[in-house]
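Trainee: A single structure is presented below for examination.
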Amino acid sequence: MTSKRADVLVDADWVQEHLEDSNVVFVEVDEDVSAYDGGHIAGAVKLDWKSELQDAVIRDFVSKEDFAALLSAKGIGNDDTVVLYGGNNNWFAAYAYWYFKVYGHADVRLLDGGRKKWELDGRPMTTDAVSRQATSYTAQEQDTSIRAFRDEALAAIDTLNLVDVRSPDEFSGKLLAPAHLPQEQSQRGGHIPGAINVPWSKAANDDGTFKTDDELRTLYGEAGLDDGRDTIAYCRIGERSSHTWFVLRELLGHDNVKNYDGSWTEYGSLVGVPIAKGA
Amino acid sequence: MDLTSETVIQGQVLREGSPVPAAYVRLLDAGGEFTAEVKTSAEGRFRFFAAPGQWTLRALSAGGSAEHGLTADKGLNEAQLELS
């Protein structure tokens, strides 16, 4: 396991040095899509994680063809370096990172600290409209070696590492959703039996940047993550667990890590599956 | 928002009495664990859906920081954070 940090994470100085680089596309991904309109990194295009990355009817990704059409329209080419950043400590940017990887984009990176660190450091933002020339993007078949579905989550009990990255109160069943969101979500509260609870926030500093590799290894080691087993990460809807998936697979270099994007809103509504309560 | 069943913690971030927009407010549980984070509105306001119990609010902006502890009950709980 060797760290790939330099290949997958960039800092603000790197961004400012590459603002004019035609092979680098900056993409802002937010839950609150009005954030971008209030100011963004110069040249960055906007991606709406819900309206553009989720199918409008069934609960799933958009199709390979629709993803290719989306990236073509945004002016993103297959050979471009895509640098993602966003609010919520990069939750949705990390989700988009994982999503781009599922559809096979070669060079994707995250801006360490996302929008928050950029703002707190007083880096320049603009409201100038951005237009990029359309491309002809080709997406790959979904890479399901990094995406878990409900049957795999169920089969993982007592077999794989299950990492529940929600807050302790969601893990125990006290809350059904993060405290800034309304609580009507899954039918039941609790967690998948055997899951360890390592809230995503423990992998990040207050300013949203990732902790060091040594700190991260210690964090998951002390929480009981077994290096010899494959891992499935989950949260409520798969965005916070993308953050942890990024840490385990992309920063720490674990081989077989999947993100379960059905997550608790799916598992906690399944009929007849085992649920554990409490810490 | 159903205040008969939900526990809402909301309030405002101020600096020298004026609202601070775009400040980051974190909600930490009784054990000091991160629970949620939101950004204040143009009027410096924020809102969390929590549960009854002990909580800590922490605000962070380019202009300073603030911390505030509270005990929340079911219904509406108001808090003010003054940056320094």
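Derivation of every value follows stated rules applied to the coordinates shown; laboratory data play no part. None of the values given here were measured: they were computed from a predicted structure. Cβ coordinates were reconstructed from backbone atoms using ideal geometry, including for glycine residues, and neighbour counts include every protein chain displayed.
Trainee: Peptides A:79-88, A:12-21: what's the order by average Cβ count within 10 Å, highest mean first? Mind showing how you got there, number by number?
Mentor: Values: A:79-88: 23.2, A:12-21: 13.6.
Sorting A:79-88, A:12-21 by mean packing, highest first, produces A:79-88, A:12-21.
Trainee: What percent antiparallel are the DSSP beta bridges of region A:5-120, to the nearest 5? Write out the running numbers ahead of the final one.
Mentor: Values: 1 of 15 bridges.
Once the DSSP bridges in region A:5-120 are tallied, antiparallel ones form about 5 percent.
Trainee: Another one. Is there a simple number for the mean count of other chain Cβ atoms within 10 Å of the Cβ of residues in B:45-52, and what is it?
Mentor: Numbers: counts 0, 1, 2, 4, 9, 7, 5, 1.
Mean partner-chain Cβ count within 10 Å for B:45-52: 4.
Trainee: Here's a follow-up. Based on the mean of other Cβ atoms within 10 Å per residue, sort peptides A:93-101, A:133-141 so the most packed one is first.
Mentor: Values: A:93-101: 25.9, A:133-141: 14.1.
Ranked by mean Cβ neighbours within 10 Å, highest first: A:93-101, A:133-141.
Trainee: Scaled to the compact-protein estimate 2.2 N^0.38 Å, what is the alpha-carbon radius of gyration of region A:155-222, rounded to two decimal places?
Mentor: Details: Rg = 13.7 Å, N = 68, 2.2 N^0.38 = 10.9 Å.
Against the empirical 2.2 N^0.38 Å value, I get 1.25 for region A:155-222.
Trainee: Which of these, A:ALA42, A:ALA73, A:ALA129, has the largest mean-square fluctuation under a Gaussian network model of chain A (Cα springs below 10 Å)?
Mentor: Most flexible of the set in this elastic network: A:ALA129.
Trainee: Here's something else I'd like to know. Report for region A:147-267 the percent antiparallel among DSSP-assigned beta bridges with both residues inside it, nearest 5. Intermediate results must be reported in sequence, preceding the final value.
Mentor: Working: 1 of 12 bridges.
Percent antiparallel among DSSP bridges in region A:147-267 is about 10.
Trainee: Also, I was wondering about something else. Need one value for A:87-93: mean number of C-beta atoms belonging to other chains within 10 Å of its residues' C-beta atoms.
Mentor: Numbers: counts 4, 4, 3, 0, 1, 0, 0.
What the average comes to for A:87-93 is 2.
Trainee: In the protein assembly as shown, what % of DSSP beta bridges are antiparallel (nearest 5)?
Mentor: Values: 31 of 64 bridges.
Taking every DSSP beta bridge within the protein assembly as shown, about 50 percent pair in antiparallel fashion.
Trainee: Could you tell me which of A:ASN78, A:VAL130, A:ALA56 has its Cα farthest along the dipole of region A:41-182 towards the positive end, charges placed at Cβ (Lys, Arg +1; Asp, Glu -1), taken about the Cα centre?
Mentor: A:VAL130
Trainee: With a 10 Å Cβ neighbour count serving as the proxy for reagent exposure, in which order, fewest first, do A:VAL165, A:VAL257 appear? Write down the numbers at each step before the final one.
Mentor: Numbers: A:VAL165 29, A:VAL257 24.
Listing A:VAL165, A:VAL257 from fewest to most nearby Cβ atoms yields A:VAL257, A:VAL165.
Trainee: Once amide H atoms are built 1.01 Å from N in the peptide plane, which residues 5 or more positions from B:ALA22, or in another chain, come under 5 Å H to H?
Mentor: B:THR40, B:SER41, B:GLY44
Trainee: Taking each residue in A:168-176, count the Cβ atoms of any other chain within 10 Å of its Cβ, then average. What number comes out?
Mentor: Values: counts 6, 9, 1, 0, 0, 0, 5, 7, 1.
Partner Cβ neighbours, averaged per residue: 3.
Trainee: Based on Cβ point charges of +1 for Lys and Arg and -1 for Asp and Glu, what charge dipole magnitude is obtained for chain A about its Cα centre, in debye rounded to the nearest 20? Present the calculation step by step, with values, prior to reporting the outcome.
Mentor: Values: 28 positive and 47 negative charges, 145 e Å.
That gives chain A a dipole magnitude of about 700 debye.
Trainee: Over 23 Å between C-alpha atoms is what I'm after, so list which of A:LYS174/B:LYS74; A:LYS50/A:LYS258; A:LYS50/A:LYS174; A:LYS174/A:LYS202 land there. Write out the running numbers ahead of the final one.
Mentor: Values: A:LYS174/B:LYS74 14 Å; A:LYS50/A:LYS258 21 Å; A:LYS50/A:LYS174 27 Å; A:LYS174/A:LYS202 20 Å.
Cα-Cα > 23 Å for A:LYS50/A:LYS174; rest within.
Trainee: Treat every Asp and Glu Cβ in region A:5-120 as -1 and every Lys and Arg Cβ as +1, leave all other atoms uncharged, and give the resulting dipole magnitude about the Cα centre to the nearest 20 debye.
Mentor: Working: 11 positive and 22 negative charges, 62 e Å.
Computed charge dipole of region A:5-120: roughly 300 debye.
Trainee: What ranking, highest mean first, results for peptides A:268-276, A:112-120, A:45-53 when packing means the other Cβ atoms within 10 Å averaged over each residue? Show your work: numbers first, answer last.
Mentor: On the way: A:268-276: 13.1, A:112-120: 22.9, A:45-53: 17.2.
Sorting A:268-276, A:112-120, A:45-53 by mean packing, highest first, produces A:112-120, A:45-53, A:268-276.
Trainee: Suppose a student asked you for the relative contact order of chain A, using Cα pairs under 8 Å spaced at least 6 residues apart; what percent would you report? Kindly include the intermediate steps, with their values, before the conclusion.
Mentor: Values: 551 pairs, mean separation 59.5, N = 279.
Value for chain A: 21 percent.
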